[in-house]
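Note sheet for the following structure.
The values are calculated or read from the model by the stated rules, or taken from the named source; none is laboratory data. None of these values were measured; they are calculated from a predicted model. So basically every Cβ, Gly included, is an ideal-geometry build from the backbone, and we count neighbours across all protein chains shown. We work out accessible area using only protein heavy atoms, side chains counted, and drop any ligands, DNA or RNA first. Shrake-Rupley method; radii C 1.70, N 1.55, O 1.52, S 1.80 Å.
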Amino acid sequence: MRLITPDSLRYPITVTRLRRSSGDHVERFAPLFDYQYKSKVIEGSRENPEGEEVERTWPSTFESETEGKLVSWDVTVGQVITKRGTFVAEIEEPCKHELQFGGLCVLCTKDMTTVSYNTTVRDTARATVNTVHGHTSLLVSQAEANKSDEEAKRRLLASRKLSLVVDLDQTIIHATVDPTVAEWQKDQSNPNYPAVKDVRAFQLVDEGPGARACWYYIKLRPGLKEFLEAVSKIYELHIYTMGTRAYAQNIAQIIDPERKIFADRILSRDESGSMTAKNLKRLFPVDTKMVVIIDDRGDVWQWSPNLVKVSAYDFFVGIGDINSSFLPKRPELEAKAPKPAKAVNGLSASDHGKSNAMTREVTVSEGNSQLATTSPAAEQAATEQANKSPLDQLVSMSGGDDLTKLKEQTNEQDETIEAQLNDRPLLQKQRVLDAAEEASNSAATVDAAGDEDGAKKDESLPELQQKYRHNLLQDDDTELKHLETSLRTVHRAFYDGYDRELQGSQGGRLAELRPGKHAKKRSIDDLQIVPDVSAIMASMKQQVLAGTSLVFSG
């Protein structure tokens, strides 16, 4: 540790004596050197009892703020020091306190929060980097973080892998607490049974309104098992979710029961450091050149160049993200007047005979159409947000350590869960479909009764009534197939570039590797030629519409 002069000294000071020599052991608060300084004081006398201002020279001693071995001096006798922060000596400490947990040094158990009168650098400032997923109290120094990052990169390069940060909600799973799902799972005659029969469930007794037990129903995105198995061969996977740690661990137990894919690499909002924003530096504080993100929300990442945006998985229609209260708020949309009920019940039998996928597509299209118009207040808010600096935007999104904000978000989530439990939105939406089908079947009955061959048509009515019983939930998502292709393309492009750089650097070293008295050791580290995956992805994105002419028509 290099000792520096603190703010408390009366500058300028003049070194008058060095009390220690190089190699000496120094205790904390031990005198290191003597110095003198000048200051003006008021001195009185019999002739002048009110006194007058005179300048005097005062001796003092500079004491060590830490213990250890004195390696070298940075000052000499007679030197004048004019400002704070001047290096005076280097002390080799028995412990550098580079690994701390909960305010204690892990190596020597010293209390890092202790501060004395001559402290210039707090011990807590020696370890400020969080590199562990599940603990915010474990901190390391920047040097240790760099060493850990280098080891991780070498491990990934040796196994030809990249790092992949995986979001949970509406990216690889969809969650709800609507108890209707459990009822449909028990009823094989329900039209939604084929879609919900493989839905998984778990209970969190410490979550939900009033901290009561709450059942979560989890639908895995189609093809998730195969996707994870395939991608884990070329990526090291990390979970990053805005759900609680208990929630994330239960999801991980479902999608990775043997802990071969994610292991303990799980980061939740409990350890994220922000309640509404995600930051790649939280997981990779040193370098993100080998990191790819998959998430259905780009705004939560401030549209990081490492992001592969995924289409949101919306299996439980109308439920959305169960943890949305802890995500950035989108600009408020102008309310759209709902269509009258006649528009639904008035559909013809032929309209209801269309595919279920089309029924759902209409619902989604209507929802998206609301994005076309925003209120003046929303436009003003968006303009103000755009005018903020990136740092201000991040602070605004994160909410910082505002306990009031945290309470509001928690209450909002509790209200969302309470609404799903009590209102049962899935059941209500299914009833709307059933009502439309009943109206359609009634119309078909009237048409059949008026037919000349009415008696023959009546025999087919029960079959007709069963035919038009639609299911609300669709299990036809194929996003993960396309996502796997994209991730493979990114991985291939990265290692193609790395191999080219590696081959070129090795070719330049042939002379260095030749035996002989002029032979040199390898001077170029492989880590220096690692490509930046974000630059590779940006280049790939630029090629998507290459050679395409866009025409905007009214």
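Among Phe227, Pro257, Cys214, whose Cα lies farthest out toward the positive end of the dipole of segment 208-258, if unit charges sit on the beta carbon of Lys, Arg (+1) and Asp, Glu (-1)?
Cys214
Keeping all protein chains in position, work out how much accessible area Leu280 exposes to a 1.4 Å probe, and write it in Å² to the nearest 10.
10 Å²
Could you estimate the translational diffusion coefficient of segment 214-253 from the Stokes-Einstein equation, with Rh from the Kirkwood formula over C-alpha pairs, at 25 °C and 0.890 mPa s, in whole µm²/s?
Roughly 208 µm²/s, to the nearest whole number.
From the protein chains alone at 1.4 Å, what is the descending order of accessible area for Asp296, Asp111, largest first?
Asp111, Asp296
Between Ser553 and Glu501, what length in nm is gained on full extension when 0.36 nm per residue of separation is reduced by their alpha carbon distance?
Computed gain between Ser553 and Glu501 is 14.1 nm.
Could you give me the ³J(HN,Hα) list for segment 491-496, computed from phi with Karplus coefficients 6.51, -1.76, 1.60 and θ = phi - 60°, whole Hz, x at Gly and Pro?
4, 5, 5, 4, 6, 5
Of Lys110/Lys289; Lys38/Lys96; Lys96/Lys161; Lys161/Lys281; Lys481/Lys541, which pairs sit farther than 24 Å apart, going by alpha carbon to alpha carbon?
The answer is Lys110/Lys289; Lys38/Lys96; Lys96/Lys161.
Calculate the spin-label point distance for Val205 paired with Ser486, positioning each point 7 Å from the Cα along the beta-carbon direction, and give it in nanometres.
4.1 nm
Give me, ordered by chain and number, the residues 5 or more places off Leu99 or on other chains with an amide H under 5 Å from its own placed amide H.
Val106, Leu107
Just to check I understand the Karplus step: with θ = phi - 60° and J = 6.51 cos²θ - 1.76 cosθ + 1.60, what whole-Hz values come out for segment 48-59, glycine and proline as x?
9, x, 6, x, 9, 7, 10, 9, 10, 9, 10, x
If Lys and Arg each add +1 and Asp and Glu each add -1, what is the summed charge of the other residues whose beta carbon sits under 12 Å from the beta carbon of Val26?
Every neighbour counted, the sum reads -4.
Calculate the length of the line joining the C-alpha centroid of segment 267-299 to that of segment 147-191, in whole Å.
So the separation of the two Cα centres works out to 15 Å.
Compare Arg126, Arg500 by solvent-accessible area with a 1.4 Å probe and give them largest first, with all protein chains kept in place.
Listed by decreasing accessible area, they come as Arg500, Arg126.
By the scheme Lys and Arg +1, Asp and Glu -1, what is the net charge of all other residues having a beta-carbon under 13 Å from that of Thr66?
Net charge in that neighbourhood comes out at -1.
Report the calculated FRET efficiency for Val106 and Gln428 (r = Cβ-Cβ distance, R0 = 45 Å), to the nearest 0.05.
Approximately 0.25, to the nearest 0.05.
Once you have the Cα-Cα distance between Ser442 and Ser8, take 0.36 nm times their residue separation minus that, and quote the gain in nm to one decimal.
147.2 nm
Between Glu418 and Gln253, how many nm apart are label points set 7 Å from Cα along the C-beta direction?
Reported label-point gap for Glu418 and Gln253 is 2.8 nm.
Glu67's amide H: which non-local residues (gap 5+, or another chain) put their own amide H closer than 5 Å, with H modeled 1.01 Å from N in plane and none for Pro or chain starts?
Here Arg28 satisfy the definition.
Could you state the accessible area per residue of segment 130-256 in Å², with a 1.4 Å probe and every protein chain left in place?
It amounts to 40 Å² per residue over segment 130-256.
Going by a ≥ b ≥ c, the root eigenvalues of the Cα gyration tensor, does segment 198-310 fall in the rounded group (a/c under 1.5), the prolate group (a/b larger than b/c) or the oblate group?
oblate
On full extension of the chain, what length is gained from Cys95 through Thr128, given 0.36 nm per residue of separation minus the C-alpha to C-alpha distance?
Residue separation times 0.36 nm, minus the Cα-Cα distance, leaves 10.2 nm.
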